[in-house]
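Chemist: A single structure is presented below for examination.
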Amino acid sequence: MAILPIFITPSQPLREKASLVEGVTDDIRALVRDMTETMHAAPGVGLAAPQVGVRRQVFVWHWESDEGLHQGHVLNPSITLRGPWRGRFRGEPAEEGCLSIPGLRYPLARAERARLRGSDLEGNAVDIAATGWLARIFQHEYDHLQGVLYRDRLSRPWRREADSDIAESRVIGHATSWTPGLEGTEEDFFDNPDRDHPERDHAETAGDGLPGGDADRA
């Protein structure tokens, strides 16, 4: 196994839509193993193949909640979202981050429920109905496969602040990638991890027209 470099915005691989995995090969098996090791080293709760420069529909996740450990991988995923959804995400935002935008966090509303479907390395069906934070992880990683970053889905005030912070970052825009372990962990990229964000009105949520899975509006 190997720890892979993680691409940083605005690197082009993050903006390219991933291609289908046509068959499970040794390269795909190695990719899943390496992505999982890289995610743990970062550390993160998920990682998508475009983040390590591979344009394939693969992502991995690892998250522990009060209900237990949630971990796995998926090939060629689809995602179905349920409420709150009416063309835009609604509801209470939660602070979200990304290993490809290291050291920054912003509030973002997501659909509360997501159903993930796809397959694993053994050809078994993956079918997981997730709520809360696990649903958020699935949406975040699925977006990466569409060339969408969570910054794109922020409400306008937060998107403006994110763009300002990205422009002022000592890393983003100055490096194309970072390697967990070799360059520490994502926490090392926080200029001031205790920094408070000013209050914002979160009623307006961006993201119209962005690919976000099949929305179940019922």
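Chemist: Of all the residues that make up region 112-143, how many are open to solvent by less than 20 Å² (accessible area, probe 1.4 Å) and closer than 10 Å to residue 79 by Cβ?
Modeler: Final tally of qualifying residues: 8.
Chemist: Then there is this: Output the residues belonging to region 21-54 that are open to solvent by 60 Å² or more (accessible area, probe 1.4 Å) and more than 15 Å from the chain's Cα centre (by Cα).
Modeler: Scanning region 21-54 gives 22, 25, 26, 27, 29, 33.
Chemist: If you scan region 21-66, which residues turn out to be more than 21 Å from residue 123 (Cβ to Cβ) and of a type in the set (Asp, Glu)?
Modeler: Of everything in region 21-66, those that are more than 21 Å from residue 123 (Cβ to Cβ) and of a type in the set (Asp, Glu) turn out to be 37, 64, 66.
Okay, residues lined up against (1) among the β-branched types (Val, Ile, Thr); (2) farther than 27 Å from residue 66 by Cα; (3) in contact with a Phe, Trp or Tyr (Cβ under 7 Å, 6 or more places away or on another chain):
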residue	(1), (2), (3)
92	no, no, no
117	no, no, no
122	no, yes, no
131	yes, no, no
141	no, no, yes
151	no, yes, no
157	no, yes, no
169	no, yes, no
175	no, yes, no
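Chemist: Moving to a separate point now. Any idea which residue in region 167-211 is nearest to residue 105 (Cα to Cα), counting only those that are in contact with a strand residue (DSSP E or B) (Cβ under 8 Å, 6 or more places away or on another chain) and at pLDDT 55 or above?
Modeler: So, considering only residues that are in contact with a strand residue (DSSP E or B) (Cβ under 8 Å, 6 or more places away or on another chain) and at pLDDT 55 or above, the one nearest to residue 105 (Cα to Cα) is 189.
Chemist: Same structure, new question: Within region 128-177, can you find the residues that are among the aromatic types (Phe, Trp, Tyr) and within 23 Å of residue 53 (Cα to Cα)?
Modeler: Hits for region 128-177 are 138, 142, 150.
Chemist: Quick one: how many residues across region 132-155 are more than 12 Å from the chain's Cα centre (by Cα) and part of a loop (DSSP other than H, G, I, E, B)?
Modeler: The qualifying residues number 2.
The values are calculated or read from the model by the stated rules, or taken from the named source; none is laboratory data. Since the model is a prediction, treat every value here as computed from it, not as a measurement. Every residue, glycine among them, receives a Cβ derived from its backbone with ideal geometry; neighbour counts consider all protein chains shown. Surface accessibility is based on the protein's heavy atoms, side chains included, excluding ligands, DNA and RNA. Shrake-Rupley method; radii C 1.70, N 1.55, O 1.52, S 1.80 Å.
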